[in-house]
Amino acid sequence: MINGKEDLVAWFEAGETPADQWRIGTEHEKLLFAQKTHQRPSYEEEHGVGALLKGLAESHHWTPITEGEFIIGLKDSHGGSITLEPGGQFELSGAPLENLHQTCQETNRHLKDMRKATSEIGLGMLGVGFDPVWRREDIPWMPKGRYAIMRRHMPKVGSLGLDMMQRTTTIQVNLDYASERDMARKFRVSLALQPVATALFANSPFREGRPTGLLSTRAEAWTDTDDARCGIPACVFDPDFGYEQWVDYILDVPMYFLHRGESYIDVAGLSFRDFMAGRLPGHEGELPTMADWEDHVTTAFPEVRLKQYLEMRGADGGPWNMICALPALWTGLLYDADALEAAEELAADLGAEDIAAARMSVARHGLKGRLGDRDVGEIARSMVDIARRGLHRRQITDSAGNDETGFLDPLHAIAESGTTRAETLLELFHGKWDEDIHRIYTEFQF
């Protein structure tokens with residue numbers, strides 16, 4: 001049982017990791033589609049999501065993760081796992097790895113396995129940040145209990161939460177911290193610069209077959225999902241920010257569910273503070289466990305999230321090379337002492353209001369957006385340069401003698417040209433594709 005707030009603070013303290021043991025965990029989501037119709041597959045259909053999971057489990061001897069009668073994920077033999085997002089987006093939650101060479105090897109292995117498995121049952125995979133064609137009502141829901149609760153609650157607190165659940169994909173990286181001060185520095189700088197990452201990875205200019213007028217439609221979805229659990233936690237910019245302030249932020253996030261066995265109990269909108277006091281309506285006298293706390297932490301969705309590591313959450317889903325580029329950017333910025341100091345200088349004058357305003361600026365304008373009083377493209381070029389120097393100083397090479405800086409090449413090209421992937425897609429849509437959005441499935445599938 002949780003005895004008090006000090007137990008919650010201690011849970012974050014337990015995530016502290018010495019610098020020589022820091023790891024890189026990469027997550028990436030893909031949209032599945034039927035090769036013949038381009039429709040999003042259901043779980044139950046003959047060649048659908050359930051069949052894909054079963055086939056992967058059998059062919060690779062991966063361990064199924066089940067909920068009731070359904071396989072809802074897989075644990076692979078390399079320390080990672082495959083999980084299902086609400087609309088059937090397939091996510092690899094990668095293993096914590098020592099370097100970016102291993103990260104990209106993991107990505108390559110996973111995507112090759114997935115290409116083989118999907119092609120055998122007539123499916124394909126697309127790496128964009130927002131479904132370019134299908135409406136909410138066209139997209140089947142996956143059989144996970146927590147998603148049923150979220151599906152009921154989302155329309156009560158925002159207009160785009162169901163879009164976020166069903167139609168978006170992202171690339172994320174999870175990074176370690178050594179101490180409370182190290183956590184606060186990394187959290188503050190990564191949150192301040194997260195809109196620049198959104199611009200660099202903008203890759204979702206379409207919705208329901210037409211341009212939205214945005215370069216990251218995924219980023220827009222997060223601006224009206226649930227203000228109580230999303231966005232920019234202002235507390236991070238408090239000079240005294242630390243674990244206790246983050247605990248207070250998470251305690252103010254309304255609950256979604258209690259997880260008991262394989263069942264999810266709907267407590268959406270209720271208070272974890274009341275739960276700790278034994279006053280949770282319908283569960284009076286029951287006190288939370290640390291497992292309840294760990295579940296609750298996962299229901300906050302800010303642009304950067306602290307668990308027992310830091311999650312960077314601002315990027316659109318994208319193609320193969322961008323999956324490796326996202327961890328390269330943040331590893332280069334945050335895992336080298338000189339790079340972190342330079343990144344702090346780059347973010348020094350930015351506050352929560354600047355970052356909140358920049359979220360829609362970069363969603364609309366990409367690298368031509370504004371962050372505070374500065375041009376996002378200029379900041380992006382500096383960020384990529386700082387990250388490149390940070391990776392170079394790590395001097396971690398592969399068998400051919402290449403260091404980790406090459407993984408930044410796609411971002412360097414985007415930052416120098418000022419042209420995002422979203423703008424490239426729009427040019428194709430209005431030109432070569434003759435406004436036939438379905439060309440995206442043939443030309444940009446994995």
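The values are calculated or read from the model by the stated rules, or taken from the named source; none is laboratory data. Remember, it's a predicted structure, so these values are computed and weren't measured experimentally. No Cβ is skipped: glycine too gets one built from the backbone with ideal geometry, and neighbour counts run over all protein chains shown.
Descriptive notes on the structure:
- Some residue of the range 380-389 being touching a Leu at 6+ places or on another chain (Cβ under 8 Å), closer than 21 Å to Leu426 by Cβ and not basic (Lys, Arg): yes
- Leu74 assigned to a helix (DSSP H, G or I), surrounded by 19 or more Cβ atoms within 10 Å (Cβ to Cβ), aliphatic (A, V, I, L, M) and at pLDDT 95 or above: no
- Close contacts from the range 426-437, counting a first residue that is in contact (Cβ under 8 Å) with a residue 40 or more places away in the chain and a second that is assigned to a helix (DSSP H, G or I), with Cβ to Cβ under 9 Å and a gap of 6+ residues or different chains, come to Phe429/Arg439; Phe429/Ile440; Ile437/Phe429.
- Sub-7 Å Cβ pairs linking a first residue in the range 261-277 that is without any contact (Cβ under 8 Å) to a residue 60 or more places away in the chain and of a type outside the set (S, T, N, Q) to a second residue that is surrounded by 13 or more Cβ atoms within 10 Å (Cβ to Cβ) and assigned to a helix (DSSP H, G or I), at least 6 apart or interchain, are Phe272/Leu251; Phe272/His296; Arg273/Leu251, ordered by first then second residue.
- For the condition within 26 Å of Glu345 (Cα to Cα) and either free of Cβ contacts under 8 Å to residues at least 60 places away in the same chain or among the polar types (S, T, N, Q) (or both), Asp375 qualifies.
- Each residue in the range 411-428 was checked for being assigned to a loop (DSSP other than H, G, I, E, B) and crowded, with 19+ Cβ neighbours inside 10 Å, and 1 of them qualify.
- Residues of the range 110-133 satisfying the condition of being within 30 Å of Ser399 (Cβ to Cβ) and under 20 Å from the mean Cα position of the chain (by Cα): His110, Leu111, Met114, Met125, Gly127
- Ala34 being closer than 30 Å to Tyr177 by Cβ and more than 21 Å from the chain's Cα centre (by Cα): no
Conditions tested, residue by residue: (1) more than 26 Å from Met1 (Cβ to Cβ); (2) part of a helix (DSSP H, G or I); (3) not aliphatic (A, V, I, L, M).
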site	(1), (2), (3)
Met255	no, no, no
Arg279	no, no, yes
His283	no, no, yes
Pro288	no, no, yes
His296	no, yes, yes
Thr299	no, no, yes
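- Residue check, Leu350 touching a residue at least 60 places away in the same chain (Cβ under 8 Å) and part of a loop (DSSP other than H, G, I, E, B): yes
- Residue match in the range 197-214 (condition: within 20 Å of Thr298 (Cβ to Cβ) and crowded, with 24+ Cβ neighbours inside 10 Å): no
- Every residue from the range 429-443 that is part of a loop (DSSP other than H, G, I, E, B) and surrounded by 10 or more Cβ atoms within 10 Å (Cβ to Cβ): Lys432, Trp433, Glu435, Asp436, Ile437, His438
- Residue match in the range 43-63 (condition: in contact (Cβ under 8 Å) with a residue 24 or more places away in the chain, touching a Lys or Arg at 6+ places or on another chain (Cβ under 6 Å) and either surrounded by fewer than 21 Cβ atoms within 10 Å (Cβ to Cβ) or not hydroxyl-bearing (Ser, Thr, Tyr) (or both)): no
- The C-beta contact set for the range 194-207 (first residue more than 17 Å from Ile232 (Cα to Cα), second residue small (Gly, Ala, Ser) and part of a helix (DSSP H, G or I), distance under 6 angstrom, 6+ apart or interchain) comprises Leu200/Ala380; Ala202/Gly366; Ala202/Ala422; Asn203/Ala422; Pro205/Ala422.
- In the range 19-52, the residues that are touching a helix residue (DSSP H, G or I) at 6+ places or on another chain (Cβ under 8 Å), outside any loop (DSSP other than H, G, I, E, B) and among the charged types (D, E, K, R): Lys30
- Filter result for Gly122 (over 22 Å from Thr66 (Cα atoms) and surrounded by 17 or more Cβ atoms within 10 Å (Cβ to Cβ)): no
Let's see how each residue does on (1) more than 27 Å from Gly15 (Cα to Cα); (2) of a type in the set (A, V, I, L, M):
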| site | (1), (2) |
| --- | --- |
| Ser216 | yes, no |
| Val253 | no, yes |
| Pro288 | no, no |
| Val297 | no, yes |
| Arg313 | no, no |
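- Scanning the range 302-328 for residues that are aliphatic (A, V, I, L, M), part of a helix (DSSP H, G or I) and farther than 16 Å from Arg218 by Cβ yields a total of 2.
- Test for Thr331: is it assigned to a helix (DSSP H, G or I), in contact (Cβ under 8 Å) with a residue 24 or more places away in the chain and polar (S, T, N, Q): yes
- Residue in the range 125-181 that is surrounded by the fewest Cβ atoms within 10 Å (Cβ to Cβ), counting only those that are acidic (Asp, Glu) and either closer than 27 Å to Ile65 by Cβ or touching a residue at least 24 places away in the same chain (Cβ under 8 Å) (or both): Asp138
- Qualifying positions in the range 151-181 - over 16 Å from Trp330 (Cβ atoms) and among the charged types (D, E, K, R): Arg151, Arg152, Lys156, Asp163, Arg167, Glu180, Arg181
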